[in-house]
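Here's the structure we're looking at; comments come further down.
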Amino acid sequence: MGLKQIDHGSREYQQMIQLRSQILRQPLGLSFSPEELEKEKNDILIAAFDDDDMLGCCMLCPVDNNTLRLRQMAVNNNLQGKGIGASIMSFAENIARDKGYRTMMMHARDSAIGFYEKFGYKVTGDEFIEVNVPHHVMVKRL
């Protein structure tokens, strides 16, 4: 498995949209708008591959000079629990540190809180609804 940053608009980015849609949006009856995807051009796009097959992905979005927000973490359904998400998290945190960020945060679906807690993320604040699903803000100092 290889991890790398990918470019907005590339063939790999199209794979990323497909994977995120399949894992995160379609089960909720949602899709991506062109405006949403356009906003991603300034984000750090990360993906895990086995040859040309995308196994998982996430995005890092600048919040301010010190903080990045992890978004759209997705791993192929039949590959979850095999360490791909953990590898993506480690890679994403290393990129964040290399770029001088000190904090990572996210809006974590309640079903994923346990996964992120394994990496030292802490729940802050009250539950809120996003994309019709309960979420919590989670934060970690890098």
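With only Lys, Arg, Asp and Glu charged, each at its Cβ (+1 for the first two, -1 for the last two), find how big the charge dipole of the chain is about the Cα centre; round to the nearest 20 debye.
The calculation lands at about 440 debye.
Does region 83-130 come out rounded, prolate or oblate by the C-alpha gyration tensor, with a ≥ b ≥ c the root eigenvalues, rounded set by a/c under 1.5 and, if not, prolate when a/b is larger than b/c and oblate if not? Display every interim value, and only then the final one.
Numbers: a/c = 2.41, a/b = 1.46, b/c = 1.65.
Oblate is the answer for region 83-130, as a/c is 1.5 or above yet b/c matches or exceeds a/b.
With no solvent and one equal point scatterer placed on each C-alpha of region 2-105, evaluate the Debye formula and give log10 I(q)/I(0) for q = 0.19, 0.20 Å⁻¹, two decimals.
With no solvent term, the Cα-only Debye profile gives -0.96, -1.06.
Given points 7 Å out from each Cα along the Cα-Cβ axis, report the D126 to D52 separation in nanometres with one decimal.
In this crude label model, D126 to D52 measures out at 5.1 nm.
Please give the calculated 222 nm ellipticity per residue for the chain, where each DSSP H segment of at least 4 residues contributes -39500 (n - 2.57) and the sum is spread over every residue; nearest 500 deg cm²/dmol?
Helix contribution divided over all residues of the chain: -7000 deg cm²/dmol.
For the pair Q14 and R102, how long in nm is the line joining their label points, each one 7 Å along Cα→Cβ?
About 4.3 nm separates the two model spin labels.
Lysine pairs in the chain with alpha-carbon atoms under 20 Å apart, 8 or more places apart or on different chains: how many are there?
Counting lysine pairs in the chain gives 8.
Please give the length that would be gained between I113 and K39 if that part of the chain were fully extended, namely 0.36 nm times their separation in residues minus their C-alpha to C-alpha distance (nm, one decimal). Please report the intermediate quantities before stating the final value.
Numbers: separation 74, 0.36 × 74 = 26.64 nm, distance 2.58 nm.
Between I113 and K39, full extension yields 24.1 nm more.
Would you mind working out the magnitude of the charge dipole of region 15-87 relative to its Cα centre, with +1 at each Lys and Arg C-beta and -1 at each Asp and Glu C-beta, to the nearest 20 Debye?
280
Every number here is computed from the coordinates shown, using simple stated rules; none is lab data. Note that the structure is predicted; figures quoted are calculated from it, not measured. Note that each Cβ is placed from the backbone with ideal geometry, even for glycine, and that neighbours are counted across all protein chains shown.
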